[in-house]
Amino acid sequence: MSKILVIEDEFAIRENIVELLEIEDFEVLSAENGRIGFQQASEHLPDLILCDVMMPELDGYGVLSALRSNPTTATIPFIFLTAKAEHSDIRQGMGLGADDYLTKPCSAEELLEAVKTRLKKQELFEKQSQLKLDELRRSITHSLPHELRTPLNGILGNAELLLLELEDLDVDEMRKMLEDIRASGQRLNRLIINFLLYADLELIATNNQRIQALQKSSASSVDSLISEAAKEQARQFERAGDLQLKLQDSPVQMAATRLAKLVEELVNNAFKFSEPGTPVDVKSQVEKDRFILFVIDKGRGMTPEDIQQIGAHLQFERKLYEQQGSGMGLSIVKRLVDLHNGKLMIESEPNQETTVRVELPTAG
């Protein structure tokens with residue numbers, strides 16, 4: 001049984017709506033002003049709120065603003081009931097996050113249709129969110145043990161050899177084993193960071209308040225940030241001479257740590273899937289209010305099917321190439337770009353050239 005909260009200061013109207021909804025087998029709560037209504041919503045977490053605009057103590061806009069600022073009530077469907085039907089009033093309500101706007105007086109049929117429609121949409125939204133979370137859990141459950149076991153085996157295997165044969169190994173042999181242990185440890189650390197980051201981004205995508213908070217962050221002097229992140233990847237692949245930078249500075253609507261991660265994943269892929277001695281170009285430019293980043297390599301590339309299937313835990317043609325890694329880098333980039341109202345575009349000619357283009361809003 002769905003629970004509905006009716007916030008209306010006029011007694012007769014409030015009672016009529018309550019009676020109508022109860023006849024339709026809804027559980028109904030009511031409040032005579034906005035302050036009490038907000039308290040009721042916070043305490044009982046209704047499935048839907050019907051709220052008047054003009055009320056004493058706290059008007060409907062104030063109620064909606066308070067609800068959307070509270071994580072526990074931020075996603076409750078909200079329908080305004082009001083005699084104010086001016087376009088500016090409607091836009092104000094919708095701008096605050098209202099889901100619908102009914103003008104009084106409205107018929108019982110109109111009200112019930114609006115209520116049932118909104119509840120159905122909310123049910124669909126919750127099912128979709130749950131499906132995404134279930135898919136994420138399954139992917140992690142299936143992929144995490146295998147992905148972590150590979151570098152962990154490298155650490156354990158080399159450590160075991162060191163312990164068993166320590167007295168018979170020379171310095172160069174020990175150094176080689178320690179370097180392998182360090183490389184496996186770094187890979188394991190990267191995998192864990194990426195799994196946790198992707199899981200967090202998926203959770204953010206289901207929470208409007210967290211999305212809004214994410215989009216308020218920005219980074220300045222991004223040319224140096226991008227340069228440092230790209231150079232670090234070139235250093236790790238011992239390909240500093242292959243990296244070519246041509247960057248235009250601009251403030252970008254993304255936190256510096258997130259942007260650095262985005263660059264890290266794109267440049268890492270470019271080096272990983274191209275041969276030493278071939279160039280990796282990292283370029284940026286500003287067009288109007290968009291910051292555009294390009295990462296170009298001359299590696300094996302992707303087919304159109306590969307590009308369409310960008311998703312977590314997908315390693316393109318893994319059996320053929322046996323590349324290390326979870327294949328999650330582009331999925332992290334795509335989710336970051338989507339959450340910041342950007343665009344990710346990939347053009348690739350297999351074994352010739354791949355261009356990844358990222359567009360992000362500029363800040364300020």
Exercise. In the list D297, D281, which residue meets the criterion of being touching a helix residue (DSSP H, G or I) at 6+ places or on another chain (Cβ under 8 Å) and at pLDDT 95 or above?
Worked result: D297
Seminar exercise, completed: Sole miss for L245 among (1) assigned by TED's automatic domain parsing to the domain that holds G277; (2) surrounded by fewer than 18 Cβ atoms within 10 Å (Cβ to Cβ); (3) over 18 Å from F271 (Cα atoms) is condition (3)
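Please determine whether any residue of segment 221-229 is out of contact with any Phe, Trp or Tyr (no Cβ under 7 Å at 6 or more places or on another chain), among the charged types (D, E, K, R), assigned to a helix (DSSP H, G or I) and under 28 Å from T278 (Cα atoms). Can you show your working first?
Narrowing segment 221-229 to residues out of contact with any Phe, Trp or Tyr (no Cβ under 7 Å at 6 or more places or on another chain): 221-229.
From what's left, among the charged types (D, E, K, R): 223, 228.
Those still in the list that are assigned to a helix (DSSP H, G or I) too: 223, 228.
With the extra rule that they be under 28 Å from T278 (Cα atoms), the set shrinks to 223, 228.
So far as segment 221-229 goes, yes, one or more of its residues are out of contact with any Phe, Trp or Tyr (no Cβ under 7 Å at 6 or more places or on another chain), among the charged types (D, E, K, R), assigned to a helix (DSSP H, G or I) and under 28 Å from T278 (Cα atoms).
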Exercise. For segment 106-128, which residues satisfy the criterion of being in contact (Cβ under 8 Å) with a residue 24 or more places away in the chain and not in a helix (DSSP H, G or I)?
Worked result: C106
Problem set entry | Selected residue (criterion: modelled with the highest pLDDT) from residues of segment 84-105 that are assigned to a helix (DSSP H, G or I) and exposed (fewer than 13 other Cβ atoms within 10 Å of the Cβ) | G95
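Among the residues of segment 314-364, how many are in a loop (DSSP other than H, G, I, E, B) and modelled with pLDDT under 85?
Of all residues in segment 314-364, those in a loop (DSSP other than H, G, I, E, B) come to 314-317, 322-328, 340-342, 350-352, 363-364.
If we keep only those that are modelled with pLDDT under 85 as well, we get 314-317, 322-328, 364.
Going through segment 314-364 one residue at a time, the tally reaches 12.
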Exercise. Can you spot a residue in segment 156-175 that is modelled with pLDDT under 90, surrounded by fewer than 15 Cβ atoms within 10 Å (Cβ to Cβ), under 21 Å from the mean Cα position of the chain (by Cα) and in a helix (DSSP H, G or I)?
Worked result: no
Problem set entry | Complete set of residues in segment 14-71 that are loosely packed, with under 15 Cβ neighbours inside 10 Å, part of a loop (DSSP other than H, G, I, E, B) and of a type outside the set (D, E, K, R) | L45, M54, P56, N70, P71
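In contact with a Gly (Cβ under 8 Å, 6 or more places away or on another chain) and surrounded by 12 or more Cβ atoms within 10 Å (Cβ to Cβ), is that true of S227? Outline the logic, then answer.
Numbers: in contact with a Gly (Cβ under 8 Å, 6 or more places away or on another chain): no; surrounded by 12 or more Cβ atoms within 10 Å (Cβ to Cβ): yes.
Taking the combined requirement at face value, the residue does not satisfy it.
The values are calculated or read from the model by the stated rules, or taken from the named source; none is laboratory data. Nothing here was measured: the structure is a model prediction, and the numbers come from that model. Backbone-built Cβ (ideal geometry, glycine too); neighbour counts: all protein chains shown.
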